[in-house]
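What follows is a single structure, written as structure tokens, with notes after it.
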Amino acid sequence: MSISLSDPGNEFIKEIRPTKKQEDLLSLPDEIFEVLFGGAAYGGKSFILTLLPIIRGWYKANSFRGIILRRKFTDLERENIRLSKEYYPKTGGVYNEQKHVWHWPEYNSYIDFGHIQHDSDVKQYDSSQYNYAFYDELTHFAQHSYSYLVGSRVRPSSSFNIALARSGSNPGGIGQTWVHNRFVKGNENGYKIFRDTDTGLLRTFIPAFIEDNPYGLEYDPLYAEKLKLLPDAEYKAKRFGDWSAFKGSVFTTFRPMKFPSEPQNALHVISPFEIPAWWPRFITIDWGKRALCHCLWGAISPDRRVYAYREMTWKNKDIYAWASEIRDINNESNEGITSATLCGSAWQDRGQDTIADQFMKYSGLVANSSENTPGSRVIGLQLIHDFLRFENKINIKSRESFYDMIKAQEIYRIHGPAALENYKRQFYDEGPEENLPVLQIFDTCKVLIETIPNCIYDEKKIEDIAEFDGDDPIDNLRYFCKTAKRLLMGETDKLDMMSKVQQVIQKRDETSDMTAFYREMERIEQQDRMTVNDCIPVSRRSRFARMRMN
């Protein structure tokens, strides 16, 4: 391939000697909207994709706009920006150090450097439009950080009818699973061109290995040998582009923002709102001093959704400090916490007051243990998955026809409300779930939101999350979902009654009809008394409850 044909007249182009794989990338037709280039390390992906707009001569198109993205800006400074400063000025480009933008005044064209360190950062590009988007180390990005920008901001302009996305990456990272599924799965050897079933747009994958970059090996002939110093999975990923070396992201259904092609309810991160005072509230804490201490406040709504509405973190703080702060927050906000769960290790005997004792002393709360028993981590992980699920399960039809009141009373007396709830479920035809996803997270809980996408599966304990520095919020999320499930089992009927009370109060405030208010409140009280007298907290919406009240 003759690079000089793409941009005649620039002498520096002669210095660029693309490898065979890089030539394959450069020769792809512009009709292919998305391309992933790379796989193994040292394949020359950052080099060729940073210079692609220059080699193709796009910077000469009037009002051309490009963007080069990394997860962190420091990564851009160490590689892409330095590379651009070596080549871009030779084409007349002028770099703005404050704005991190290259500008070609002669053509009024631009190439930005951008980063999306936090998931919400992608929104800062809402007013932008790009002909070319290059994601360097794509597996470092969550899927929505790519899909949102590429899907909404990459489009042709009136003066330049090209719009495409190019990415480079090795296996591994938070985006491992979705990148593999989108570009590599079914195309492991590369070069197959797929048409997206939803959009009709084309995409492909071009694998590149160390051996495909002879120029790099000239500079560092021992690079492949030095990779053997890495852990086995890391070595396989970087040396051979082995996508199976890493098991991939854990919470692939987590949606901090909406994807255009997904259901309306496919969203977990929401804007804060005022939690009604009568909703049951609880807190969970994964304690630590040198490690992060993470606390979540939760509330349960009448439709059985669970809201994580506040988050606090501490590091290198004594127990009395953060426990007292929790107490102050609860008092100032009049929280009315009904349950507090603390990491089970807080009950370990340390020859003095346990962590749990000190927490209860300074927080004013009675704490329950998270009960970190063998297998509880995996069970907690599955519970998180269920709370994140936004698609309905297959509905099950009832196989029972006779509700045995005596048997129900015996189950409630011996085994408690949870067992009774399981018995009652046999008499219901499962309808569509209208409270999905169960878990909703206020966007102010930034640490939790940022940690969820970082989880990947453990190589040895394949059903569990690999431990990593800063994983404390995930452990706390296990306790949070476990506590919420327990409360959901016991608070259902209380929520039903309180919801009805709130509706009556709201109607009174709207109409000022006190007679109707007292009449409706008396009716609710009578219904609740009848249920209590039966010693069976059945829902008044069920057919057997209505039979008892008639």
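Bear in mind these aren't lab numbers, they're just calculated from the coordinates by the rules spelled out. Bear in mind that the values here come from a model prediction, so they are computed numbers and not experimental data. So basically every Cβ, Gly included, is an ideal-geometry build from the backbone, and we count neighbours across all protein chains shown.
Given the DSSP H assignment, sum -39500 (n - 2.57) over each helix run of at least 4 residues in the chain and divide by its residue total; what's the result at 222 nm in deg cm²/dmol, nearest 500? Please list the in-between numbers first.
Working: 17 runs with 189 residues, N = 550.
One gets -10500 deg cm²/dmol as the mean residue ellipticity at 222 nm.
Taking the DSSP beta bridges with both ends in segment 3-240, the antiparallel portion is around 30 percent. A straight Cα-to-Cα reach below 14 Å connects Lys185 with the aspartates and glutamates Asp196, Asp242, residues fewer than 8 places away in its own chain not being considered.
Most simply put, the chain has about 40% antiparallel DSSP beta bridges, counting only bridges with both residues inside it.
Between segment 339-368 and segment 143-214, the alpha-carbon centres lie 50 Å apart. 3J(HN,Hα) along segment 325-331, derived from phi through the Karplus expression 6.51 cos²θ - 1.76 cosθ + 1.60 where θ = phi - 60°, amounts to 5, 4, 4, 4, 4, 5, 5 Hz, with x in place of Gly and Pro. The relative contact order of the chain, computed from alpha carbon pairs under 8 Å that lie at least 6 residues apart in sequence, is 13 percent. Scanning residues 5 or more positions from Tyr130 or on other chains, those with amide H under 5 Å from its amide H are Val154, Arg155, with H placed 1.01 Å from N in the peptide plane. Tell me the label only: which of [x] 90, 71, 46; [y] 69, 49, 46; [z] 92, 60, 48 is Cα extents along the principal axes in Å as calculated from this structure? Correct label, based on the coordinates given: [z].
Name the long-range amide H neighbours of Arg310: under 5 Å, sequence gap of 5 or more, or other chain; modelled H, no Pro or chain starts. The answer is Trp297.
Near the amide H of Ile270, within less than 5 Å, lie the amide hydrogens of Ile441, Phe442, Asp443, all on another chain or at least 5 residues away, with H placed in the peptide plane. Protection proxy ranking, highest mean first, for peptides 135-141, 216-222: 135-141, 216-222, where packing is the per-residue count of other beta-carbon atoms within 10 Å, averaged.
Only the Cβ atoms of Lys and Arg (+1) and of Asp and Glu (-1) were treated as charged; on that basis the dipole of segment 227-374 about its Cα centre amounts to roughly 640 debye. Of the cross-linked pairs Lys446/Lys507; Lys72/Lys238; Lys45/Lys258; Lys20/Lys123, those separated by over 32 Å at the C-alpha level are Lys446/Lys507; Lys20/Lys123. Charging the Cβ of each Asp and Glu at -1 and of each Lys and Arg at +1, and nothing else, the dipole of the chain about its Cα centre rounds to 740 debye. Across segment 94-109, computed HN-Hα scalar couplings (Karplus, 6.51 cos²θ - 1.76 cosθ + 1.60, θ = phi - 60°) run 10, 9, 9, 5, 6, 8, 6, 9, 8, 10, 10, x, 4, 10, 6, 10 Hz from first to last residue, x flagging Gly and Pro. A protection proxy built from the mean count of other Cβ atoms within 10 Å ranks the segments 84-90, 411-417, 373-379, 450-456, most packed first, as 450-456, 84-90, 411-417, 373-379. Excluding same-chain neighbours fewer than eight residues apart, the lysines reachable from Lys424 by a Cα-Cα span under 26 Å are Lys393, Lys397, Lys407, Lys482, Lys485, Lys494, Lys500. Judged by the mean number of other Cβ atoms found within 10 Å, the most tightly packed of the peptides 306-317, 93-104, 472-483 leads the ranking 472-483, 306-317, 93-104. Assuming charge only on the beta carbon of Lys and Arg (+1) and of Asp and Glu (-1), the dipole of segment 3-240 about its Cα centre is about 180 debye to the nearest 20.
The 3J(HN,Hα) values that the Karplus relation (6.51, -1.76, 1.60; θ = phi - 60°) gives for segment 180-197 are, in residue order, 4, 5, 7, 10, 9, 4, x, 9, 4, 8, x, 6, 6, 9, 9, 9, 4, 5 Hz. Gly and Pro appear as x.
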